[in-house]
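Here the structure is laid out as structure tokens; the discussion comes afterwards.
The values are calculated or read from the model by the stated rules, or taken from the named source; none is laboratory data. Remember, predicted model here, so these are calculated numbers, not experimental data. Reconstructed Cβ throughout: ideal geometry from the backbone, glycine too, with neighbour counts over all protein chains shown.
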Amino acid sequence: MQSLSGRQFADRTDLIAHSGYGESSLRAWWAGRKENGHPPARTIDGVMHWDLAVWSEWFTEVTRQGPRNLGRIDRSGDPDEELPPVKQARVLGVDTSRITAYRKNPPPGWPEPVRVEKLPTRDREYRTRRQLWEFADGEGSRVGTAGGRPAGPDPKVRAAKEAQPDPRVVAAHDALAVRPGWKAGELALALAEQHGGSVSVWRRAVTAARKQTR
């Protein structure tokens, strides 16, 4: 811990002791600082430090949650079965787009895939039921709470999160790059079969992706 101008600055080791969370959780929060509003760091003696009072206020907001309802978690099936994203979402009781978003901004405790399948437009990540159950039960997952993930500490942060690209539009954009000649309906059907969800929703995503490329 460092003291500058009467304020306490903590490095990551100090924050681990202060919060009770592990290094992986703290690193995940720092990596997603643009989305979650994590306070900026100050380098002291070549090491990143954070204003402890500011960080503590942010931490309280991020980890605040009401009673968790894990009743929607599907606990049935083979714990070691490797599941694609659509089935991962079913196990956790969330929309498939949540799993897609986790690839870019994984929440604390999100498990690494046990297998990655190479597809023409992207990689498909597989996880086991056991991994998903452990994630859902972890303190950092926020599964079973309103919103399903930590909220930002202020309205500006929430607005920034809402401005993030729609994962479906991103997927549609990637698919268009590979199959530029396909009709919207054909591509929407292929994306719905690959990622789950309705064809009509994917058709809107394809239309939005085409507008972005014009």
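Listed by first and then second residue, the pairs linking a residue in the range 1-21 that is assigned to a strand (DSSP E or B) to a residue that is aromatic (F, W, Y), with Cβ atoms under 6 Å apart and 6 or more places separating them unless they lie on different chains, are Q2/F9; A10/W50. Counting the residues of the range 83-114 that are touching a His at 6+ places or on another chain (Cβ under 8 Å) and over 18 Å from N36 (Cα atoms) gives 3. Any residue that is surrounded by 15 or more Cβ atoms within 10 Å (Cβ to Cβ), under 18 Å from the mean Cα position of the chain (by Cα) and within 30 Å of R122 (Cα to Cα) - is there at least one of those in the range 38-59? Yes, that holds for at least one residue. Note on the range 69-120: residues that are outside any loop (DSSP other than H, G, I, E, B) and of a type in the set (F, W, Y) total 1.
For the condition at pLDDT 70 or above, assigned to a helix (DSSP H, G or I) and surrounded by 19 or more Cβ atoms within 10 Å (Cβ to Cβ), what is the one hit in L176, L189?
The unique qualifying residue is L176.
For the range 93-122, residues that are over 13 Å from the mean Cα position of the chain (by Cα) and within 25 Å of W30 (Cα to Cα) total 2.
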